[in-house]
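Undergrad: Quick one: the structure is below, and I'll ask about it shortly.
The values are calculated or read from the model by the stated rules, or taken from the named source; none is laboratory data. This is a predicted model, so every value here is computed, not measured. Backbone-built Cβ (ideal geometry, glycine too); neighbour counts: all protein chains shown. We work out accessible area using only protein heavy atoms, side chains counted, and drop any ligands, DNA or RNA first. Shrake-Rupley method; radii C 1.70, N 1.55, O 1.52, S 1.80 Å.
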Amino acid sequence: QGQRHARFGTDQGNKSKTTNLALDPCHVDGAKAYGSSAPDVIFLLCERACQQGGGNFVVDGAALVQELAAEDPELGEAIFSRPVTQVYYSVTATGKGEWTAPLASKTPFGRVQVLCPNVFECDDPLERVRPCADSPSPELDERLIRAFAAKMRKAQDDAPRFRTSEGQTLVIDNYRMWHGREPFYS
């Protein structure tokens, strides 16, 4: 993985597949490679501050789940109980792949874990998240996917941006929070 990551130039700041010249949308680190077994906490160290752009943002995915449940209790239950198929593309992990799981789950200790499918780079969220082939209610699943994708997109757009300075570390609850970054120039 490290060799593939370096081959695409991402460790040099001149990314070609994922790029510092485009928005890095909300995501959960490790989710593409490990699914619901992604690390629960991550540490992002700013090695050097960028010269221009590079606003970081975080979104509280668990708060979006609570909001969805308050607005539509049926969808609030479905997000924990209805598996959906998520399509992903990863430069640093496995290329293109799929996995099937509910969009949210609870750990044995009650922590909420919210997956963050990339619905940001497509017009129709069903391109990236779709009902399972054997779903007993694909209409409910589609309604869930569309409602949650709309909340995800709005939350990403509305999230405050902040920059980190050299040596600063951002500590993120990788189960609850999603993070992303605006384009930047070094």
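Undergrad: Over the chain, with a Gaussian network built from C-alpha contacts below 10 Å, which listed residue (Ala104, Ala31, Ala147) shows the highest mean-square fluctuation?
TA: Greatest mean-square fluctuation among the candidates belongs to Ala147.
Undergrad: Among Val84, Val58, Ala33, which residue has its Cα furthest toward the positive end of the charge dipole of the range 33-85, with +1 on Lys/Arg Cβ and -1 on Asp/Glu Cβ?
TA: Comparing the listed Cα positions along the dipole, Ala33 ranks first.
Undergrad: Please give the charge dipole size of the range 109-186, origin at the Cα centre, charges +1 on K and R Cβ atoms and -1 on D and E Cβ atoms. Round to the nearest 20 debye.
TA: Charge dipole of the range 109-186: 340 debye, to the nearest 20.
Undergrad: State, as an integer percentage, the relative contact order of the chain based on alpha-carbon contacts under 8 Å between residues 6 or more apart.
TA: Reported relative contact order: 41 percent.
Undergrad: Report, by chain and number, residues whose modeled amide H sits under 5 Å from the one on Asn20, excluding near sequence neighbours (fewer than 5 apart, same chain).
TA: Answer set, sorted by chain and number: Lys15.
Undergrad: Could you report the chain's accessible area per residue, 1.4 Å probe, as an integer in Å²?
TA: Normalised by residue count, the accessible surface of the chain is 54 Å².
Undergrad: Sticking with this one: What are the ³J(HN,Hα) values, in whole Hz, obtained from phi via the Karplus relation 6.51 cos²θ - 1.76 cosθ + 1.60 with θ = phi - 60°, for each residue of the range 21-27 in sequence order, with x given for Gly and Pro?
TA: Once rounded to whole Hz, the list reads 9, 9, 4, 9, x, 3, 7.
Undergrad: Where the only charges are on Cβ atoms (+1 Lys, Arg; -1 Asp, Glu), what is the dipole of the chain about its Cα centre, to the nearest 20 debye?
TA: Computed about the Cα centre, the dipole is about 640 debye.
Undergrad: Could you pull out the GluC sites (Glu not before Pro) across the range 92-186 that fall in loop regions by DSSP (anything but H, G, I, E, B) with no more than 14 other Cβ atoms inside 10 Å?
TA: Glu121, Glu166
Undergrad: For the range 61-75, take each phi angle, set θ = phi - 60°, evaluate the Karplus expression 6.51 cos²θ - 1.76 cosθ + 1.60, and give the result in whole Hz per residue in order, putting x for glycine and proline.
TA: x, 5, 5, 5, 5, 4, 4, 4, 5, 5, 7, 8, x, 5, 6
Undergrad: Using modelled amide H (1.01 Å from N, peptide plane; none on Pro or chain starts), what sits under 5 Å from the amide H of Thr164, excluding residues fewer than 5 places away?
TA: Placed amide hydrogens put Asn56 under 5 Å from Thr164.
Undergrad: Who wins for biggest fluctuation among Lys106, Lys151, Lys32 in a Gaussian network model of the chain, springs between alpha carbons below 10 Å?
TA: Lys106
Undergrad: Still on this structure: For the chain, what does the helix formula give at 222 nm: sum of -39500 (n - 2.57) over DSSP H segments with n ≥ 4, over the residue count, nearest 500 deg cm²/dmol?
TA: Estimated from H runs of four or more residues: -8000 deg cm²/dmol.
Undergrad: Explain nothing, just compute: Karplus ³J(HN,Hα) = 6.51 cos²θ - 1.76 cosθ + 1.60, θ = phi - 60°, for every residue of the range 171-186 in order, whole Hz, x for Gly and Pro.
TA: Whole-Hz 3J(HN,Hα) from phi for the range 171-186: 9, 10, 6, 6, 7, 8, 9, 10, 9, x, 8, 6, x, 9, 10, 9.
Undergrad: So, one more: In the range 133-186, with Lys and Arg counted as +1 and Asp and Glu as -1 at Cβ, which of these residues, Ala150, Val171, Pro160, has the Cα nearest the positive end of the dipole, that is, farthest along it?
TA: Of the candidates, Pro160 comes out farthest on the positive side.
Undergrad: Amide H of Val84 versus every other amide H placed in the peptide plane: which residues, excluding those fewer than 5 positions away on the same chain, fall under 5 Å?
TA: The list, which skips near neighbours in sequence, is Ala101, Leu103.
Undergrad: State the dimensionless ratio Rg/Rh of the chain (Rg: radius of gyration of Cα atoms; Rh: Kirkwood radius).
TA: Details: Rg = 16.7 Å, Rh = 17.2 Å.
In the chain, Rg relative to Rh is 0.97.
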